[in-house]
1. Quick one: what are the phi-derived ³J(HN,Hα) couplings along region 285-292, Karplus 6.51/-1.76/1.60 with θ = phi - 60°, whole Hz, x for glycine and proline?
2. Give the carbon-plus-sulfur fraction of the accessible surface of region 224-329 in %, rounded to a whole number; probe 1.4 Å, heavy atoms of protein chains only.
3. Just add up the charged neighbours of residue 223: K/R +1, D/E -1, any other residue whose Cβ is under 10 Å from the Cβ of residue 223.
4. How much accessible area per residue does the chain have, in Å², with a 1.4 Å probe?
5. What are the principal axis extents of the Cα atoms in region 291-360, in Å, biggest first?
6. So what does the Cα-only Debye profile of the chain read at q = 0.11 Å⁻¹, as log10 I(q)/I(0), no solvent term?
7. With a cut-off of at most 15 other beta carbons within 10 Å, and DSSP calling the residue loop, which trypsin sites (Lys or Arg not before Pro) in region 7-61 qualify? Please list them.
8. Looking at the chain only, what percent of DSSP beta bridges run antiparallel? Nearest 5 please.
Amino acid sequence: MNLHEYQGKEILSTFGVRIQRGIVAQNAQEAVAAAKQLTQETGTSWHVIKAQVHAGGRGKGGGVKLAKNLQEVETIAGQIIGMNLITPQTSAEGKKVHQVLIAEDVYYPGESETNEFYMSVLLNRGTGRNMIMYSTEGGMDIETVAEETPHLIFTEEIDPAVGLMPFQARRVAFNLGLSGLAFKEMTTFVINLYTAYVKSDSSLFEINPVLKTSDNKIMAVDAKVTIDDNALYRHKNYVDLRDIREESAIEVEAGELGLNYVDLDGNVGCMVNGAGLAMATMDLIKQAGGEPANFLDVGGTADAARVEAAFKIILKDPAVKAILINIFGGIVRCDRVAQGVIDAYKNMGNINVPIIVRLQGTNADIAKELIDNSGLDVMSATEFQEAADKVQQVLG
Ligand code: GDP
Ligand code: MN
């Protein structure tokens with residue numbers, strides 16, 4: 001589950017991580033009230049207005065702006081709320097902004113220069129260990145840094161048996177070129193950040209930038225936080241943080257129906273039971289010259305109701321030009337799935353894309369017969385290759 005910046009920062013703050021403070025606002029009036037409150041609490045006179053959408057690169061798209069007085073807060077908040085924000089990480093249509101974070105300006109001048117760093121905490125799947133990835137090149141797109149100046153990216157792997165060791169936190173501060181107060185601040189920041197990552201059961205923290213202020217404080221100016229869905233049952237207080245407006249409408253609906261569905265860009269819809277077979281089926285579609293329009297795992301119980309629900313979900317995607325159903329009948333019998341496909345097809349009435357059904361396993365031959373004799377525009381196949389050939393044929 002992905003969080004908004006303001007939600008991620010709140011979680012960080014509860015673990016003692018210093019953050020750029022802010023208050024979320026739904027409209028221009030709330031933005032002005034928030035700015036006044038921040039001025040009272042922090043003494044700041046400038047504010048940053050930050051679009052809250054689940055996408056990075058907001059600054060580049062005009063979703064992060066500095067306001068130097070309350071009038072500007074009102075005007076800028078009014079402009080950003082309701083806009084369609086297009087960033088390098090959104091689709092071409094962009095994302096609608098429903099709310100903004102009014103934050104204190106933390107780039108104020110002072111005894112030293114401000115400095116932006118990059119820091120993330122994530123699982124290194126290669127070693128099976130959590131790691132802190134960090135760089136002196138903050139505020140920039142980290143993929144670009146990785147490509148052009150990979151020597152400026154450092155990692156610190158954490159041994160799960162002992163956790164993050166103090167010397168590791170000091171090494172981070174050292175590699176970032178810090179000294180004095182900023183060095184101490186950074187070690188505290190790193191330790192608290194790692195604790196927050198573990199205790200919140202997150203799968204990703206990305207703080208870009210981590211800022212060294214002109215008075216040598218270290219704080220999170222941005223926060224991308226992803227909570228591991230499988231651990232949400234341990235964090236009932238996080239469940240309400242989900243903002244379904246930010247998620248694909250089809251995916252949300254599929255989730256409610258208990259279907260494992262991921263929207264993709266291609267033209268061949270697929271309906272499969274089991275994640276492994278779904279992956280293999282997507283490869284098959286590519287081999288046949290198509291592109292998968294989705295990943296859809298209907299799960300172990302591929303009965304008529306689920307097949308129909310899955311059909312409806314797949315057909316919501318206007319890009320779908322053909323549907324490939326690939327079901328292995330192990331626990332479910334193929335003839336029952338075939339009957340489910342036929343019933344769903346008849347119930348839905350207006351399916352006007354070709355359908356290829358491959359049923360293999362228990363009672364596959366009866367299933368094929370049922371499909372072939374149904375009189376519907378459904379092609380049956382028993383072998384993988386046969387299914388691929390038919391996909392190729394209908395795509396022309
Ligand atoms: P992103 O573009 O979605 O990654 O959003 P960020 O939260 O990282 O903000 C983008 C940029 O806005 C940062 O890299 C900063 O340069 C700038 N920014 C953020 N907060 C402040 C602030 O308090 N004052 C000023 N002057 N700039 C800020
Ligand atoms: Mn950022």
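The values are calculated or read from the model by the stated rules, or taken from the named source; none is laboratory data. Predicted model, so just to flag it, every value in this text is computed and none were measured. Cβ atoms come from the backbone with ideal geometry, glycine included; neighbour counts cover every protein chain shown. Accessible surface is based on the protein model in full, side chains and every heavy atom, while ligands, DNA and RNA are left aside. Shrake-Rupley method; radii C 1.70, N 1.55, O 1.52, S 1.80 Å.
1. 4, 5, 4, 7, x, x, 10, x
2. 54 percent
3. Net local charge, residue 223 excluded: -2.
4. Normalised by residue count, the accessible surface of the chain is 47 Å².
5. Reported extents, whole Å, longest axis first: 32, 25, 17.
6. Treating every Cα as an identical point scatterer, log10 I(q)/I(0) equals -0.89.
7. In loop regions of region 7-61 (DSSP not H, G, I, E or B), the sparsely surrounded trypsin sites (Lys or Arg not before Pro) are 60.
8. The answer is about 70 percent antiparallel.
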